[in-house]
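Shown next, in structure tokens, is the structure this report addresses.
Each reported figure results from applying straightforward, stated rules to the coordinates on display, with no laboratory input. In this text the structure is predicted, and so the values were computed from the model without any measurement. Neighbour counts are summed over all protein chains in view; Cβ atoms, including those assigned to glycine, are modelled from backbone coordinates with ideal geometry.
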Amino acid sequence: MIALDVEFLTDDRIKAIAEQFRSRLEIKIIPVPIDAIIERELGIDIIPIPGLQKAFEIEGFITSDFSSIYMDDYMFDKKYYFRYRYTLAHEIGHMILHKKYFKNHIFQSIDEWKTFIAELDPRDHSKMEYQSYVFGGLLLAPPKELAELYSAQLIETSSLVDQAKRSGLARNDYLEYAIEHMANALSPSFEVSIDVIKKRIRADHLDELVP
């Protein structure tokens, strides 16, 4: 078993690291042009591979030297565009958060990557995946921009909340409806899935603003 002793990182720490990354690259626009940043600013190749998901049960991975991100070629279909963007951000999360752990573990091919993952301590693997998931969401839906667009959307959602209250529903009964409604509206602005927006809303405690 490969034990990396991956550090526990709080969400606040990951948020600070994501903001440092955005600041260093001067990422100021929404939606974040993640593929252009990866290829032009970071010099990382994005390489499509047919059948990656079917053969290896993964949609993408970054090589241990951080020179390439391999993606299943179905992800390049425009109907999977939001998923493609998030997968890229997730893999960049591994580079930013976990680079030091890969120094002594080289994998360039898919088979080598699968061998590494199979031998990796599950506790380390779960920490790395969670941390990269959080990083990816913060990179594509950053706190300041999310809060601004959320506040505007909250006003638009007031009629839904009023309707629920008139129907006699308690806040806990209509809160999920309100969050789903706002996430659906905000998803296109950030070009990420509704689920990513919902998780970001809760992580930043924006759900507490729903009256």
Please give the number of the condition Ile69 fails out of (1) surrounded by fewer than 21 Cβ atoms within 10 Å (Cβ to Cβ); (2) of a type in the set (Val, Ile, Thr); (3) not in a helix (DSSP H, G or I).
(1)
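Within the group Gln153, Gln108, Gln131, Gln163, which residue is of a type outside the set (A, V, I, L, M, F, W, C) and touching a strand residue (DSSP E or B) at 6+ places or on another chain (Cβ under 9 Å)?
Gln108
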Kindly provide the set of residues from segment 146-182 that are in a helix (DSSP H, G or I), among the hydrophobic types (A, V, I, L, M, F, W, C) and more than 15 Å from the chain's Cα centre (by Cα), ordered by number.
Ala147, Leu149, Ala152, Leu154, Ile155, Leu160, Val161, Ala164, Leu175, Ala178, Ile179, Met182
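Which ones in segment 101-128 are among the basic types (Lys, Arg) and either within 16 Å of Glu91 (Cα to Cα) or surrounded by fewer than 12 Cβ atoms within 10 Å (Cβ to Cβ) (or both)?
Lys103, Lys114, Lys127
Taking the residues in segment 1-52 that are part of a helix (DSSP H, G or I) and in contact with a strand residue (DSSP E or B) (Cβ under 9 Å, 6 or more places away or on another chain) as candidates, determine which candidate is farthest from Leu149 (Cα to Cα).
The initial filter retains those residues of segment 1-52 that are part of a helix (DSSP H, G or I), namely 11-24, 34-41, 52.
Okay, now just the ones that are also in contact with a strand residue (DSSP E or B) (Cβ under 9 Å, 6 or more places away or on another chain), so 35, 38-39, 52.
Values: Asp35: 23, Ile38: 25, Glu39: 28, Leu52: 36 Å.
Filtering segment 1-52 for residues that are part of a helix (DSSP H, G or I) and in contact with a strand residue (DSSP E or B) (Cβ under 9 Å, 6 or more places away or on another chain), the one farthest from Leu149 (Cα to Cα) comes out as Leu52.
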